[in-house]
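These notes concern the structure reproduced below.
Read the figures in this text as sums done on the coordinates, not as results from a lab. Here the structure is a predicted model, which is why all the values come from computation and not from measurement. Methodologically, a virtual Cβ is constructed for each residue, glycine included, from the backbone with ideal geometry; neighbour enumeration extends over all protein chains shown.
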Amino acid sequence: MTESRQLIRPMDMISVFFRSFLIQASWSFDRMQSLGFAFAMLPALRRLYPDPEEFRSRLKLHMEYFNTQPYLASFILGAAVRTEEERASGRNRTVDVSAIKNRLMAPLGALGDSFFWGALKPLSVTIAAAVLATGAWWAPLLFLVLYNSWHVWLRADLLVWGYHSAGDVVSLIGRYRFTRMARLFKSVSLAVLGAMLAVLCLWTPGFQLLGSAPVAVNAAIALLVTLALVMALARKGSPVKLMLGLAAVCIGLAYAGVV
């Protein structure tokens, strides 16, 4: 096997990137995200190990316990691809990819939770809520654009940087400054929230039942709908399908002039 056959191609990295979105598609109680990680590594492993026995051996290795913040997992994926390439090409046959994964997943899990769940998502929600208060119907779309543009770009860039840095977490922190950005995002969220509270007395909700139905009747309808949804969930109904169905009903009622 020649080294030129073993080099990772851009198309391999693109395949790994798109597969990384499914890292949480299948969970194991004892190995957490291991199956999703192994699935994302498949294009690189197929490229690097044409021998079936060696391919199965390396794939089995990546099905060991793995759990971290799903977006920052891209950095570990990039590092794992680089490590496997070093091993398959013969440049470093003794490199331990499991040690690299174990060393990175815990700190990146804490760092990613603090940034994405504790800073980026609250900022996106706060800005979208402020826009919604002005009556803009596209405020939910704004939330999706703000949040997804950040995390999708970071996932792609982290995959590439993980590959080029071979999993150097010091270079990761120096390049992205997640802690500094988290503090900035939290400050902006508080500023926007303070501005919203200052003008809250001027805002009147636009989503209300039309007609002269008493408040008690409206409350009873809301209670019945809530109980119906709870019963559907108790019967193992799909939360996603229930949410989509409720949204469709609300849109239909709005077009019908009921709400």
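Among Ser187, Ser15, Ser124, which comes first, second and so on when ranked by fewest other beta-carbon atoms within 10 Å? Present the calculation step by step, with values, prior to reporting the outcome.
Working: Ser187 12, Ser15 17, Ser124 22.
So the residues, fewest neighbours to most, are Ser187, Ser15, Ser124.
What order do you get for Met243, Met105, Met181 when you list them from fewest to most C-beta neighbours inside 10 Å?
Sorted ascending by nearby Cβ count, the order is Met243, Met181, Met105.
Determine how many Å³ per residue the convex hull of the Cα atoms of the stretch 3-104 encloses.
Taking only Cα atoms, the stretch 3-104 has a hull volume of 90 Å³ per residue.
From the Cα gyration tensor of the stretch 108-202, with a ≥ b ≥ c the square roots of its eigenvalues, which class applies: rounded if a/c is under 1.5, or else prolate if a/b is larger than b/c, or else oblate? Provide the component values of the computation, followed by the final result.
Numbers: a/c = 4.06, a/b = 2.12, b/c = 1.91.
Since a/c reaches 1.5 and a/b is larger than b/c, the shape of the stretch 108-202 is classed as prolate.
Give the order of Ile76, Ile251 when sorted by the count of other beta carbons within 10 angstrom, beginning with the fewest.
The fewest-first ordering by Cβ neighbours comes to Ile251, Ile76.
Would you mind listing how long the stretch 34-85 runs along its three principal axes, going by Cα atoms, in whole Å with the largest first?
Result for the stretch 34-85: principal-axis Cα extents of 32, 19, 14 Å.
Treating only the Cβ of Lys, Arg, Asp and Glu as charged (+1, +1, -1, -1), what charge dipole size does the chain show about its Cα centre? Round to the nearest 20 debye.
My answer is approximately 60 debye.
Once you have a ≥ b ≥ c as the square roots of the Cα gyration tensor eigenvalues for the chain, tell me rounded if a/c is under 1.5, and otherwise prolate or oblate according to whether a/b is larger than b/c.
Prolate is the answer for the chain, as a/c is 1.5 or above and a/b outweighs b/c.
Give me the extension gain from Val249 to Phe29: residue separation times 0.36 nm, minus the current Cα-Cα distance, reported in nm with one decimal.
Fully extending the segment from Val249 to Phe29 adds 75.5 nm.
Karplus couplings for the stretch 75-80 from phi (6.51 cos²θ - 1.76 cosθ + 1.60, θ = phi - 60°), rounded to Hz, Gly and Pro as x?
For the stretch 75-80, the Karplus-derived couplings read 5, 5, 4, x, 5, 5 Hz, x marking Gly and Pro.
So which lysines pass the test for Lys121, namely a Cα distance under 19 Å, with those fewer than 8 places away in the same chain ruled out?
Lys186
With a cap of 11 neighbouring Cβ atoms within 10 Å, and only residues DSSP puts in a loop, list the chymotrypsin sites (Phe, Trp or Tyr not before Pro) found in the stretch 9-112.
Sites meeting the loop and neighbour criteria: Phe29.
If you average the C-alpha positions of the stretch 54-119 and of the stretch 163-193 separately, how far apart do those two centres end up, in angstrom?
If we compute the Cα centre of each part, the gap is 20 Å.
Loop-only chymotrypsin sites (Phe, Trp or Tyr not before Pro) in the stretch 109-153, please: DSSP not H, G, I, E or B, and at most 10 other Cβ atoms within 10 Å.
Trp137
How much net charge surrounds Ala44 when only other residues with a Cβ under 13 Å from its Cβ are counted (Lys, Arg +1; Asp, Glu -1)? Let's see the in-between values first.
On the way: positive: Arg9, Arg19, Arg46, Arg47, Arg58, Arg82, Arg87; negative: Asp12, Glu84, Glu85, Glu86.
Here the count lands on +3.
Just tell me which aspartates and glutamates come within less than 18 Å, Cα to Cα, of Lys101; anything on the same chain fewer than 8 places away is out.
Cross-link targets: Asp30, Glu64, Glu84, Glu85, Glu86, Asp113, Asp168.
Let me have the relative contact order for the chain, percent, based on Cα pairs under 8 Å that are six or more residues apart.
Working: 264 pairs, mean separation 45.1, N = 259.
Once normalised by length, the contact order is 17 percent.
Pop out the ³J(HN,Hα) list for the stretch 150-163 in order, Karplus 6.51 cos²θ - 1.76 cosθ + 1.60 with θ = phi - 60°, rounded to Hz; leave Gly and Pro as x.
Along the stretch 150-163, the couplings run 5, 6, 5, 4, 5, 4, 5, 5, 5, 4, 5, 5, x, 5 Hz.
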